[in-house]
């Protein structure tokens with residue numbers, strides 16, 4: 001039975017507000033804003049049936065969980081567990097970040113660039129905080145997912161949340177700083193079985209429920225920010241018909257989704273825009289840009305959808321009848337499939353990543369940090385996000401991309417630095433504000 005896991009970071013704490021490193025120090029408590037945002041999380045989750053609820057025992061996370069708990073219908077017993085404790089940084093805790101940078105400059109730089117190898121000497125022994133936390137996350141999953149509960153809610157911390165997400169979908173510990181966790185954000189994972197079996201990242205760092213469409217650009221940011229969007233719905237999406245490079249236009253719902261995405265992004269400055277040269281992403285981009293006068297849209301064939309070859313125009317039931325083994329292989333090991341008279345994932349990966357890197361390079365090393373809109377397709381967006389997370393083509397199904405979903409990618413140091421995934425697959429602007437992706441879930 002599939003297990004949905006909803007992961008929440010605690011609300012703003014007094015140490016967060018003062019930019020003090022917390023780690024496992026339990027002196028920090030929620031601010032008024034932190035409590036208010038926790039109530040908003042509770043409201044956002046109030047319509048869902050929660051079967052199990054786990055939290056960190058540290059008071060900033062436990063208090064957040066207790067507030068959320070009040071909004072749930074027939075809630076389960078709240079279960080604090082040390083497996084959800086925050087990362088342990090004993091030599092830095094209770095110090096301001098600026099003080100740590102000035103006092104431990106080289107060590108802090110190592111923490112930023114190679115977190116998996118960063119160590120502290122504690123009582124004469126080398127201690128690796130990120131490695132230890134990653135292992136802790138794996139142990140939590142092994143204990144909890146095996147219990148086969150349908151919907152699990154977790155309230156914990158920035159670091160452990162990152163490691164929970166990374167260990168679930170196979171992201172290595174060196175990407176620790178590559179995913180963002182805002183206070184009171186919501187993440188969703190879909191487990192297909194026990195820990196170790198495939199897991200889908202449905203969304204990362206949702207913040208609309210706390211009044212923030214997307215996470216803000218940090219003051220030290222110097223490179224481009226890219227808003228990666230999948231095109232709106234087509235009739236073939238709705239029918240679960242494989243479309244690939246067939247130039248199928250948006251349907252009325254797809255255009256409506258484009259207008260909703262346009263409103264969602266209307267207050268976000270956009271400096272440039274690129275889309276696939278196909279009709280459905282191009283029209284989606286044009287609709288979004290209606291709120292951004294003067295931004296010229298350029299197109300590139302490198303971002304077109306995967307070519308399904310002989311499968312294009314067929315329903316999954318028809319493909320199952322003619323190509324049963326190949327269709328199952330596509331579901332189980334997509335990286336091994338050569339589409340009949342079409343492409344394989346490596347070909348899509350190579351051209352999609354090449355196009356992406358050209359866009360990033362073109363807008364790095366400029367006087368000002370630019371924000372760009374990139375609109376493409378399900379398969380293209382998935383391989384780009386896999387690439388940014390250090391994953392491979394065999395992780396293709398670990399990433400979800402809903403119609404007109406928005407993902408946010410920052411390059412704090414420009415093209416030469418590692419990207420930060422600020423948000424992935426934001427879709428709550430498309431319907432009733434639900435945190436769940438309700439867009440068409442059919443063929444590519």
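Helix 32-45 and the longest principal axis of the C-alpha atoms of the chain enclose an angle of approximately 40°. Calculate the spin-label point distance for residue 77 paired with residue 135, positioning each point 7 Å from the Cα along the beta-carbon direction, and give it in nanometres. Roughly 3.0 nm, to one decimal. For 67, 436, the sequence from fewest to most other C-beta atoms within 10 Å is 436, 67. Look at 202, 305, 343, 32 and count the other Cβ atoms within 10 Å of each Cβ; fewest to most, that gives 32, 343, 202, 305.
Calculate, in nm to one decimal, what residue 332 and residue 310 gain on full extension: separation in residues at 0.36 nm each, minus their alpha carbon distance.
Working: separation 22, 0.36 × 22 = 7.92 nm, distance 1.98 nm.
Result for the pair: 5.9 nm of gain on full extension.
FRET efficiency for the pair residue 127 and residue 350, taken as 1/(1 + (r/R0)^6) with r the Cβ-Cβ distance and R0 = 41 Å, rounds to 0.50.
The distance separating the Cα centre of the stretch 120-148 from that of the stretch 338-409 comes to 31 Å. Taking the square roots of 5 times each eigenvalue of the Cα gyration tensor of the stretch 225-426, largest first, gives ellipsoid semi-axes of 29, 20, 13 Å. With a simple spin-label model that places each label point 7 Å from the Cα along the Cα-to-Cβ direction, the separation between residue 318 and residue 2 comes to 2.5 nm.
Evaluate the relative contact order of the chain (contact order divided by residue number), counting alpha-carbon pairs under 8 angstrom at least 6 apart; express in whole percent. Walk me through the intermediate numbers first.
Numbers: 992 pairs, mean separation 80.2, N = 444.
With pairs under 8 Å counted, the relative contact order is 18 percent.
A straight line joining the Cα centroids of the stretch 80-109 and the stretch 195-272 runs 34 Å. Taking the Cα atoms only, what angle lies between the long axis of helix 252-264 and the longest principal axis of the chain, rounded to 10 degrees? With both axes taken from Cα atoms, the answer is about 40 degrees.
What order, most packed first, do the peptides 15-28, 402-415 have when packing is the mean number of other Cβ atoms within 10 Å of each residue?
Working: 15-28: 17.3, 402-415: 22.6.
The packing order, highest mean first, is 402-415, 15-28.
Just so you know, the averaged projected area of the alpha carbon convex hull for the stretch 1-135 sits at 9.8 nm². Each DSSP beta bridge with both residues in the stretch 225-426 is either parallel or antiparallel, and the antiparallel ones are about 45%.
Between residue 110 and residue 239, what is the FRET efficiency for a Förster distance of 60 Å, r being their Cβ-Cβ separation, to the nearest 0.05? The value I calculate is 0.70.
Computed extension length for residue 48-residue 143: 31.9 nm, one decimal, from 0.36 nm per residue of separation with the Cα-Cα distance subtracted. Would any residue of the stretch 283-321 have its amide N under 15 Å from a label point 7 Å out along Cα→Cβ of residue 247? List them or say none. Under 15 Å, as judged by backbone N against the label point of residue 247, lie 283-284, 299-305 of the stretch 283-321.
Our summary of shape: the Cα atoms of the chain have principal axis extents of 63, 52, 39 Å, ordered from largest down, in whole angstrom. When the Gaussian network model of the chain links Cα atoms closer than 10 Å, the mean-square fluctuations of 78, 91, 227 top out at 91. Per-residue ellipticity at 222 nm computed for the chain from its helices equals -10000 deg cm²/dmol, with DSSP H segments shorter than 4 residues left out and the rest contributing -39,500 (n - 2.57).
Residues 212, 278, 85, arranged from fewest to most other Cβ atoms within 10 angstrom of their Cβ, appear as 212, 85, 278.
Report, in degrees rounded to the nearest 10, the 0 to 90 angle that the Cα long axis of helix 129-144 makes with the longest principal axis of the chain. Helix 129-144 sits at roughly 70 degrees to that axis.
Here, each number is a calculation from the coordinates, and none is a lab measurement. Because the structure is predicted, anything quoted here is derived from the model rather than measured. Positions of Cβ are generated from backbone atoms using ideal geometry, with glycine treated the same way; all protein chains shown enter the neighbour counts.
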